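Input: a single structure, listed below in structure tokens.
The values are calculated or read from the model by the stated rules, or taken from the named source; none is laboratory data. Keep in mind the model is a prediction, meaning the values are calculated, not measured. All Cβ positions, glycine included, derive from the backbone under ideal geometry; neighbour counts span all protein chains shown.
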Amino acid sequence: MKNDKTKQSYLDFDKYIRQGEPAQRERAESWSVAIGLQAVDGLKTSEYLQDTARRNIEGEITIDEARELVKQYYVSKTTREEDDADKEEADRVSGNIAKLLQTDAFTYSVAGLAAIHRAIFEGVFKHAGRFRDYDISKREWVLQGDSVLYGRWQDLRMTLEYDLEQERQFSYTSLDKDMMVEHIARFVSGIWQIHPFREGNTRTTALFTIKYLRMLGFVVNNDLFANHSWYFRNALVRANYRNVAKGIEYEPLFLIRFFRNLLLGENNDLKNRYMVINPLS
């Protein structure tokens, strides 16, 4: 069972974020988010990755050199450990995410979402960037083993195109801050529920969300994704789960609290254990 203690930090990112030069601060924030997001799948990065991230943050190596070093580290590793596969995924995906966050490029489209997945999982998943061709279910801790109802594989592209187009045409001009946050939470929740990829949907949704919010002009509090990515995933689960027979309705409140912290700078308590369902007997 996972709990609230999903934060991993060998490297003191705060030192660079608070005291570093602007370029160091930007790179430190990107690595902090990239490493923190691995918690959505219960993954932890290696100390080698942490040291390589530090070298990139300090400007000793470029982000592409950092990614290549991590790749070669696992290619040339002679002594294999039991958790090497998980660490390699976490390390290589962290490097890919850090690179994405260190660039402003973003395409708001279905192809753009697929491109984010491809860039994140390049060299990790053979199916990187490709939509799944089968239906899925996932046993969730916060649902006591039940699953969210995800989109049918035959409808993935059509549903994504519809949601993105509806959002493209939506006007925020008449909304106050509360309504704006609730709308964004609902939009992101809908994209995640489609779950278009075999694996890596939450990390892809997080990156898409950060990029999209930047495009809208929001200043995103990256600490939320760095330190509360497991909460983010569970909040998405609760926002998309309904079981009338058990007396459970969709509950977007947890996700809204996350986005209020993210966009409004609030300090709502984000605890995973609060989200565990308690179905009526």
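Quick notes
- Number of the condition not met by Trp192 [criteria: (1) over 17 Å from Phe218 (Cβ atoms); (2) hydrophobic (A, V, I, L, M, F, W, C); (3) assigned to a helix (DSSP H, G or I); (4) touching a residue at least 60 places away in the same chain (Cβ under 8 Å)]: (4)
- Residue satisfying all of: in the range 212-231; among the aromatic types (Phe, Trp, Tyr) and within 14 Å of the chain's Cα centre (by Cα); surrounded by the fewest Cβ atoms within 10 Å (Cβ to Cβ) among these: Tyr212
Residue by residue, here is whether (1) outside any helix (DSSP H, G or I); (2) touching a residue at least 12 places away in the same chain (Cβ under 8 Å); (3) of a type in the set (A, V, I, L, M) holds:
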{"residue": "Asp146", "(1), (2), (3)": "yes, yes, no"}
{"residue": "Arg168", "(1), (2), (3)": "no, yes, no"}
{"residue": "Ser174", "(1), (2), (3)": "yes, no, no"}
{"residue": "Arg186", "(1), (2), (3)": "no, yes, no"}
{"residue": "Glu199", "(1), (2), (3)": "yes, yes, no"}
{"residue": "Arg203", "(1), (2), (3)": "no, yes, no"}
{"residue": "Lys211", "(1), (2), (3)": "no, yes, no"}
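- Some residue of the range 91-110 being more than 25 Å from Thr209 (Cα to Cα), of a type in the set (S, T, N, Q) and surrounded by fewer than 12 Cβ atoms within 10 Å (Cβ to Cβ): no
- Residue check for Arg257: at pLDDT 95 or above, closer than 16 Å to Thr209 by Cβ and either of a type outside the set (S, T, N, Q) or part of a loop (DSSP other than H, G, I, E, B) (or both): yes
- For the range 235-254, the set of residues classified as of a type in the set (Val, Ile, Thr) and part of a helix (DSSP H, G or I) consists of Val237, Val244, listed by residue number.
- Among residues of the range 213-225, those that are in contact with a Lys or Arg (Cβ under 8 Å, 6 or more places away or on another chain) and either assigned to a helix (DSSP H, G or I) or among the charged types (D, E, K, R) (or both), counted: 0
- Close pairs (6 angstrom Cβ cut-off, 6 or more residues apart or separate chains): at pLDDT 95 or above in the range 33-44, crowded, with 24+ Cβ neighbours inside 10 Å and not in a helix (DSSP H, G or I) anywhere: Ile35/Thr45
- Pair list, Cβ under 9 Å, 6 or more apart: the range 81-93 residue farther than 16 Å from Ala128 by Cα, other residue of a type in the set (Asp, Glu): Asp86/Asp41; Lys87/Glu81
- Looking only at residues of the range 220-243 that are among the small types (Gly, Ala, Ser) and out of contact with any Ser or Thr (no Cβ under 6 Å at 6 or more places or on another chain), we find that the one that is nearest to Glu140 (Cα to Cα) is Ala235.
- Residue within the range 49-66 that is at pLDDT below 95 and within 23 Å of Thr204 (Cβ to Cβ) present: no
Yes or no, residue by residue, for (1) aliphatic (A, V, I, L, M); (2) over 21 Å from Val220 (Cβ atoms):
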position: Ala23; (1), (2): yes, no
position: Glu29; (1), (2): no, no
position: Ser32; (1), (2): no, no
position: Thr62; (1), (2): no, yes
position: Ala66; (1), (2): yes, yes
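Rundown of residues vs (1) over 17 Å from the mean Cα position of the chain (by Cα); (2) without any contact (Cβ under 8 Å) to a residue 12 or more places away in the chain; (3) crowded, with 17+ Cβ neighbours inside 10 Å, yes/no style:
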residue	(1), (2), (3)
Arg233	no, no, yes
Val237	no, no, yes
Ala245	yes, yes, no
Ile248	yes, no, yes
Glu251	yes, no, yes
Phe258	no, no, yes
Glu266	yes, yes, no
